[in-house]
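> One structure follows; several queries about it will come next.
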Amino acid sequence: MARVWLALAPGAPMSDALATRDALADVRVRAIASNGSGVADLADGRVVFIPRTAPGDRARVRLGKVKRKWAQASLVELLEHAPGRVDAPCPLFDTCGGCTIQHLAYEDQLEWKGLFISDALRRIGGLEVDPPKVQASPQVVGYRNRVSYSLRRLHGGRVIAGFHALGRPAHVIDVAGECLLPEASLRTAWTALREGWGRGARYLPAAGRLRLTLRSAGEGVALVVDGGAPGWNATDLAESVPTLTAIWHRPSGATKVTLLRGSEHVAPGGDALRWVGDSFLQVNTALGEVLRDFVLERAQAADRVVDAFCGVGAFARELARRGAAVTGIEVDPAACAAAKHGAPDSLDVVQGRVEQRLEEALPTDLLILNPPRAGLHESVPDVIRASAPERLIYVSCDPATLARDLARLSNTYTLAEVQAFDLFPQTSHVETVAVLDRSGEDS
């Protein structure tokens, strides 16, 4: 089971009664877990996690995996609807594994996400923090500028392409135009791609499984294909699906993504950022700009900046334009080149892993951290503490790993501000920005 954590304390104490797999139970849902599942208590004291339930629901559930202190269950029947439950807008809500909280009113989604953050900071990070304000997204559907689909080729030339199934992540459900999260241009491109890839998806690389990512690219849409053998010729696909303005391919086992058709594009948003293939950019363009402005404002007038995990330079380029001497660190060489493209001379970008290159980039006045979901490598907090920049700004997409990393830095830094951004409406994910100032204490 993936790690989840509660926004409320556990309920009834444990007892000697034992729940068993496939047993039915009637429960009252009392909370939402960080993965979007409803949380209830079984008669024997176990906590049970039930997808597609809301706080206040009374539900009949069927137990699945049962452990000593917790269990997983599936919803059989809603006996009473919670006051805050709404009709999920997506027709695939009951079968698709995504969008785990779209049955909650949007204001409730924001409230629970704030609780996810404060609970993680308290339990994992040892920090007593009120639930932060969660900045709402201007759009709660149609906001994603990048969407990935899984494609499976089946016997008889059949093709299924879509998202992983609810409760069965190894299975894929077919998705035509039902998903509500992509921007309109991506939904149009996905329909055109499905119609144009040929019988058995013969215009795509020959492989049983592929990952197809569509992303907004200036005025067009680009496709990134993961899987298949090297040497795929994308000409037939490009001619059949003229909606696509660029096609990239990364063969199975490869790390580099290669442009086969079209050209690199200016990314959505400002700053004339360029991305290459699958370079990271926030998926919510409008709110991503708000987050970027927030970080830049908290950067104050730092003369020296290190932007770790800098990607294509969303923060680094603007800070360099403002006069700071900026060092970006990024593992992807193509993203490094994109970050440097057209940037001021005061921006230096070094290629490599942060845990390998950070020490040589320090000291600095300001350190920006924007790691992937796994957070910082275990060696990085010690490197930071050894030189102790005046300010850290940590941008996180996982409250649990953020809390863990802040705990590792707590002897040297004080948490000055926490702000959250709902970059992912209808899902349980949330983006958090933590601003830390050096406290002058160390162990």
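> Can you name the residue in the range 427-443 that is surrounded by 18 or more Cβ atoms within 10 Å (Cβ to Cβ) and either of a type in the set (Val, Ile, Thr) or in a strand (DSSP E or B) (or both) and, of all such residues, is farthest from the chain's Cα centre (by Cα)?
Of the residues in the range 427-443, the ones surrounded by 18 or more Cβ atoms within 10 Å (Cβ to Cβ) are 427-436.
From what's left, either of a type in the set (Val, Ile, Thr) or in a strand (DSSP E or B) (or both): 427, 430-436.
Details: THR427: 10, VAL430: 8, GLU431: 8, THR432: 11, VAL433: 14, ALA434: 17, VAL435: 20, LEU436: 23 Å.
Filtering first and then ranking leaves LEU436.
> Here's a check for you: in the range 205-235, which residue that is in contact (Cβ under 8 Å) with a residue 60 or more places away in the chain and among the hydroxyl-bearing types (Ser, Thr, Tyr) is surrounded by the most Cβ atoms within 10 Å (Cβ to Cβ)?
Ranking the candidates gives SER216 first.
> Have a look at VAL354, VAL349 and point out the one that is within 21 Å of the chain's Cα centre (by Cα) and in the same structural domain as GLY375 (by TED's automatic domain parsing). Give the derivation first.
Details: VAL349 fails: within 21 Å of the chain's Cα centre (by Cα).
That would be VAL354, the only listed residue that is within 21 Å of the chain's Cα centre (by Cα) and in the same structural domain as GLY375 (by TED's automatic domain parsing).
> Being part of a loop (DSSP other than H, G, I, E, B), in contact (Cβ under 8 Å) with a residue 12 or more places away in the chain and out of contact with any Gly (no Cβ under 8 Å at 6 or more places or on another chain), is that true of even one residue in the range 104-120? Talk me through it step by step, then tell me what you get.
Filtering the range 104-120 for residues part of a loop (DSSP other than H, G, I, E, B) gives 105.
Applying the additional criterion that residues be in contact (Cβ under 8 Å) with a residue 12 or more places away in the chain yields 105.
Add one more test, that the residue is out of contact with any Gly (no Cβ under 8 Å at 6 or more places or on another chain), and what stays is none.
No, there is no match, as no residue in the range 104-120 is part of a loop (DSSP other than H, G, I, E, B), in contact (Cβ under 8 Å) with a residue 12 or more places away in the chain and out of contact with any Gly (no Cβ under 8 Å at 6 or more places or on another chain).
> Would you check if VAL140 is surrounded by fewer than 18 Cβ atoms within 10 Å (Cβ to Cβ) and at pLDDT 95 or above?
Numbers: surrounded by fewer than 18 Cβ atoms within 10 Å (Cβ to Cβ): yes; at pLDDT 95 or above: yes.
The answer is yes for VAL140.
> Could you please find all residues in the range 161-188 being surrounded by 15 or more Cβ atoms within 10 Å (Cβ to Cβ) and hydrophobic (A, V, I, L, M, F, W, C)?
ALA161, PHE163, ALA165, LEU166, VAL172, ILE173, VAL175, CYS179, LEU180, LEU181, LEU186, listed by residue number.
> Where the second residue is among the β-branched types (Val, Ile, Thr) and in a loop (DSSP other than H, G, I, E, B) and the first is over 18 Å from ALA386 (Cβ atoms) and modelled with pLDDT of 95 or more and lies in the range 403-416, which pairs have Cβ atoms under 8 Å and are six or more apart or on separate chains?
Correct list of pairs: ALA403/ILE124; ARG404/ILE124; LEU415/VAL129.
> Another question, if that's okay. I'd like to know if the range 350-360 contains one or more residues that are in a strand (DSSP E or B) and touching a helix residue (DSSP H, G or I) at 6+ places or on another chain (Cβ under 8 Å). Talk me through it step by step, then tell me what you get.
Filtering the range 350-360 for residues in a strand (DSSP E or B) gives 350-351.
In the following step, the residues that additionally are touching a helix residue (DSSP H, G or I) at 6+ places or on another chain (Cβ under 8 Å) were identified as 350-351.
The answer is yes, given that some residue of the range 350-360 is in a strand (DSSP E or B) and touching a helix residue (DSSP H, G or I) at 6+ places or on another chain (Cβ under 8 Å).
> Additional query: Identify all residues within the range 43-102 that are without any contact (Cβ under 8 Å) to a residue 60 or more places away in the chain, of a type in the set (A, V, I, L, M) and part of a loop (DSSP other than H, G, I, E, B); write none if there are none.
ALA43, ALA54, ALA82, VAL86, ALA88
> Out of ASP345, ASP422, report the one residue that is charged (D, E, K, R) and under 24 Å from ALA286 (Cα atoms).
Values: ASP345 fails: under 24 Å from ALA286 (Cα atoms).
Every option except ASP422 fails the conditions.
> Let me ask something else. Restricting attention to the range 1-42, report how many residues are on the phi < 0 side of the Ramachandran plot, at pLDDT 60 or above and in a loop (DSSP other than H, G, I, E, B).
Number satisfying all stated conditions: 11.
> Here's a follow-up. Of everything in the range 236-256, what is in contact with a His (Cβ under 7 Å, 6 or more places away or on another chain) and touching a residue at least 40 places away in the same chain (Cβ under 8 Å)? Give them in sequence order.
Residues satisfying the conditions do not exist here.
> Kindly list, by first and then second residue, each pair from a residue in the range 423-437 that is more than 18 Å from PRO182 (Cα to Cα) to a residue that is part of a loop (DSSP other than H, G, I, E, B), limited to pairs with Cβ atoms under 6 Å and residues at least 6 apart or on different chains.
The qualifying pairs are GLU431/CYS397; GLU431/LEU423.
> Which residues, taken from the range 381-413, are more than 17 Å from ASP307 (Cβ to Cβ) and not in a helix (DSSP H, G or I)?
ALA388, ASP398, SER410, ASN411, THR412, TYR413
> Shifting gears a bit: Which of the residues spanning the range 148-160 are surrounded by fewer than 18 Cβ atoms within 10 Å (Cβ to Cβ) and over 18 Å from the mean Cα position of the chain (by Cα)?
Applying the first criterion (surrounded by fewer than 18 Cβ atoms within 10 Å (Cβ to Cβ)) to the range 148-160 yields 148, 152, 154-158, 160.
Matches in the range 148-160: ARG152, LEU154, HIS155, GLY156, GLY157, ARG158, ILE160.
> Of all residues being outside any loop (DSSP other than H, G, I, E, B) and among the basic types (Lys, Arg) in the range 143-199, which is nearest to THR95 (Cα to Cα)? Just the residue, please.
Within the range 143-199, the first condition is being outside any loop (DSSP other than H, G, I, E, B), and the residues that meet it are 144, 146-153, 155-157, 159-165, 168-174, 182, 184-196, 199.
This time we only want the ones that are among the basic types (Lys, Arg), so: 144, 146, 152-153, 168, 187, 194, 199.
On the way: ARG144: 21, ARG146: 22, ARG152: 17, ARG153: 20, ARG168: 9, ARG187: 20, ARG194: 21, ARG199: 26 Å.
The selected residue is ARG168.
> Working only within the range 148-174, note down all residues that are among the polar types (S, T, N, Q) and either under 15 Å from ALA206 (Cα atoms) or without any contact (Cβ under 8 Å) to a residue 60 or more places away in the chain (or both). Don't jump to the end; show me each part of the working.
Let us first name the residues in the range 148-174 that are among the polar types (S, T, N, Q), namely 148, 150.
Scanning the range 148-174 gives a single hit, SER150.
> Right, something else. If you scan the range 370-422, which residues turn out to be hydrophobic (A, V, I, L, M, F, W, C) and under 16 Å from the mean Cα position of the chain (by Cα)? Let's see the steps before the verdict.
At the first step, the residues of the range 370-422 found to be hydrophobic (A, V, I, L, M, F, W, C) are 374, 376, 380, 383-384, 386, 388, 392-393, 395, 397, 400, 402-403, 406-407, 409, 415-416, 418, 420-421.
Selection gives ALA374, LEU376, VAL395, CYS397, ALA400, LEU402, ALA420, PHE421.
> Then there is this: How many residues does the range 340-354 hold that are touching a residue at least 24 places away in the same chain (Cβ under 8 Å), closer than 27 Å to ARG385 by Cα and either polar (S, T, N, Q) or surrounded by 16 or more Cβ atoms within 10 Å (Cβ to Cβ) (or both)?
Final tally of qualifying residues: 4.
> Among the numbered criteria (1) part of a loop (DSSP other than H, G, I, E, B); (2) surrounded by fewer than 17 Cβ atoms within 10 Å (Cβ to Cβ), which single criterion is violated by PHE424?
The number of the failed condition is (2).
> Looking at this structure, is GLU378 touching a Ser or Thr at 6+ places or on another chain (Cβ under 9 Å), farther than 11 Å from VAL306 by Cα and of a type in the set (Asp, Glu)?
On the way: touching a Ser or Thr at 6+ places or on another chain (Cβ under 9 Å): no; farther than 11 Å from VAL306 by Cα: yes; of a type in the set (Asp, Glu): yes.
Judged against the criteria, GLU378 is not a match.
The values are calculated or read from the model by the stated rules, or taken from the named source; none is laboratory data. Quick caveat, the model's predicted, so the values are computed rather than measured. Because the Cβ atoms are built from the backbone with ideal geometry, glycine has one as well, and the counts that use them run over all protein chains shown.
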